[in-house]
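Let me begin by handing over the structure; questions about it come next.
Any read-out appearing in this document is the output of simple, stated calculations on the displayed coordinates, not a laboratory observation. All of these numbers come straight from a predicted model, not from anything done at the bench. Quick reminder, even Gly has a Cβ in these numbers, built from the backbone with ideal geometry, and neighbours come from all protein chains shown.
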Amino acid sequence: MWVAIVVGAVVVLLLLLLVLTYNRLVRLRNETETGWANIDVQLRRRYDLVPNLVEAVKGYAAHERETFDSVTQARAAAEQAPGPAAAAQANDRLGGALDRLIAVSEAYPQLRASENFLALQQELSDIEDKLAAARRYYNQTVYRYHTVKQSFPAVLVAGPFGFREREFFGTDDGRDAPAVSFQGA
Amino acid sequence: MTLKEQIRANRWRTLWLLILFAALVGVLGLILGYAFQPSLLVVVGVVGIVYGIFSWLSAGSIVASATGAKPADRAQYPRLFHVVETVAIAAGLPQPPPVYIVDDPAPNAFAAGRSPAKAYVCVTTGLLNLMDERELEGVIAHELSHVRNRDVRLMTLVSVLVGVIALFSDFLLRISIFGGGRRSGNAGAIAFVLGLAALVIAPIAGVLIQLAVSRRREYLADASAAEITGDGEGLALALRKLQIDQTSTAHASRAVAHLYIENPQNQATGISTAFRGLFDTHPPLEARIAALEESGGFRLAPLQ
């Protein structure tokens, strides 16, 4: 009689632990998905901004064809990159191409004075700050998810229930220096 | 300590303080149960619980009105909105919180709202004038950490409990002055004296624990902010600027002091300096800077 009660209690406790651990893993995995969605929002903003930026520069510096092509190609490659790690790499290249585009524009005073171009440049800097923030949050959530997933007792649950590792989105190596400072208070 | 160790240590110390708090209430109850008639205690206990629930429910949105905050205009403060939105993303909040402005030359900021979904942040115009973008990011990250760590809820809960203890003690003290509820006999007299002593000490001890919790949460918010922005030095620089600044916030009362980035009432006087730390809602700025320096591996230039 007593043995049955003790065994029953142990089984109930183990089931409870299983449920709690499973739910914890689900919550952490959902957090990484939210984190990825945040990155995706900023990436999409950047992809949408690129054609406008290229058009704006073209109006003043039509013969910089090579720079335009490299930006457009980098954007297309980034949009099609599968998974976070590849997307991070492709977007680093896009970032480099955009930096070169901005550098080219420095040589055209009329372009630099254009209000449209300034607004686009400020939006680009806003996107880049937010992308860096979203990347930091996403990588933290992935790190937390992996830490829990690899420790006891979650490690026993994670495998059988198909909790897979997630890719990091590049590395957090410091802050991307903003190209434009925000005006006003 | 590294950042993660600091965060964990601060969480643990909060838990210990709360356990201490529960122990305090338990011991008070035991002593009083012995010193007074149990039936009287039941009555007072019920009154205390009702009072506690009532003040928990009513402690909602008093903050914004108490500080004179107004919704900020995006066109007027683009830099502020940019920083708040960026930090909100880095903190993983569901959406950027509404931003409020207080027209006050003293630099300060606070966050309020019981859950991340209902939170808002508020900064003074003095803060915007004083801080550059990097420092502002640190300050906002500190405030949003309070929101994410559910500090508003925690501090409301603790202050309600302190209020209940104060009410309890006050009530029983009055009764005992008029000689009610006393047990007879020699042992009863000793218990009664002990009970009186407990009634006097308990409210003070409750407040001291409350303030200790508040200071702990400040360290935690600093460490969380450094984790969110990845730039503890920015926050440390902001704290250094607050340290140099001498203006004090006009609209802040003691009731909302724990929400601010630094103690809005500059240097309370009247209490001797040795004990002053015990009655502060915030740790000294110097100690907060030191903790950030330790986890971040940098050194600010010393104060002149």
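Could you work out the equivalent-ellipsoid semi-axes for the stretch A:1-78, taking the square root of 5 times each eigenvalue of the Cα gyration tensor, largest first, in whole Å?
They are 61, 9, 4 Å, listed largest first.
Please state the charge dipole magnitude for the protein assembly as shown, taken about the Cα centre, from unit charges on C-beta atoms (+1 on K and R, -1 on D and E), reported in debye and rounded to the nearest 20.
Charge dipole of the protein assembly as shown: 2100 debye, to the nearest 20.
Still on this structure: Could you tell me which residue out of A:ASN30, A:PRO84, A:ALA132 lies farthest along the dipole of the stretch A:21-158 toward its positive end? Charges go on the beta carbon: Lys and Arg +1, Asp and Glu -1, centred on the Cα centre.
A:ASN30
The protein assembly as shown: Rg/Rh from Cα coordinates, Kirkwood Rh?
Reported Rg/Rh (Cα atoms, Kirkwood Rh): 1.07.
Positive end of the charge dipole of the protein assembly as shown (Lys, Arg +1 and Asp, Glu -1 on Cβ, about the Cα centre): tell me which of B:ALA106, B:VAL147, B:TRP12 has its Cα farthest that way.
B:TRP12
Moving on to the next point. Report ³J(HN,Hα) in whole Hz for each residue of the stretch B:4-11, in order, from the Karplus equation J = 6.51 cos²θ - 1.76 cosθ + 1.60 where θ = phi - 60°; Gly and Pro get x.
Using θ = phi - 60°, the values come out as 5, 5, 4, 4, 5, 4, 5, 4 Hz.
Okay, moving on. Decide, for the stretch A:1-137, between rounded, prolate and oblate: order the square roots of the alpha carbon gyration tensor eigenvalues as a ≥ b ≥ c, take rounded if a/c falls under 1.5, and otherwise choose prolate if a/b is larger than b/c, else oblate.
Taking the square roots of the gyration eigenvalues as a ≥ b ≥ c, the stretch A:1-137 is prolate.
If you wrap a convex hull around the alpha carbons of the stretch A:78-117, what volume per residue comes out, as a whole number of Å³?
So the per-residue Cα hull volume is 64 Å³.
Here's another thing I want to ask about it. For chain A, build the charge dipole from Cβ charges (+1 Lys, Arg; -1 Asp, Glu) around the Cα centre, then report which of A:GLY59, A:ALA113, A:ALA4 sits farthest towards its positive end.
After comparing all options, I get A:ALA4.
For the stretch A:35-110, which GluC sites (Glu not before Pro) are in a loop by DSSP, counting at most 10 other Cβ atoms within 10 Å?
A:GLU106
Assigning unit charges at the beta carbon (Lys, Arg +1; Asp, Glu -1) and nothing else, what dipole magnitude in debye, to the nearest 20, does the stretch A:21-158 show about its Cα centre?
740 debye
Any lysines with Cα under 28 Å of the B:LYS4 Cα? List them, leaving off those in the same chain fewer than 8 positions away.
A:LYS130, A:LYS149, B:LYS118, B:LYS241
Also, I was wondering about something else. Using the per-residue mean of other Cβ atoms lying within 10 Å as a proxy for protection, in what order, highest first, do the peptides B:79-90, A:80-91 fall?
So the order, starting with the most tightly packed, is B:79-90, A:80-91.
Same structure, new question: I'd like the FRET efficiency for A:VAL12 and A:VAL104, computed as 1/(1 + (r/R0)^6) with the beta carbon distance as r and R0 of 60 Å, rounded to 0.05.
0.30
Please list, in order along the stretch B:282-290, the HN-Hα scalar couplings obtained from phi with the Karplus expression 6.51 cos²θ - 1.76 cosθ + 1.60 (θ = phi - 60°), rounded to whole Hz, x for Gly and Pro.
Per residue, the Karplus-derived 3J(HN,Hα) values read 10, x, x, 4, 4, 5, 5, 4, 4 Hz.
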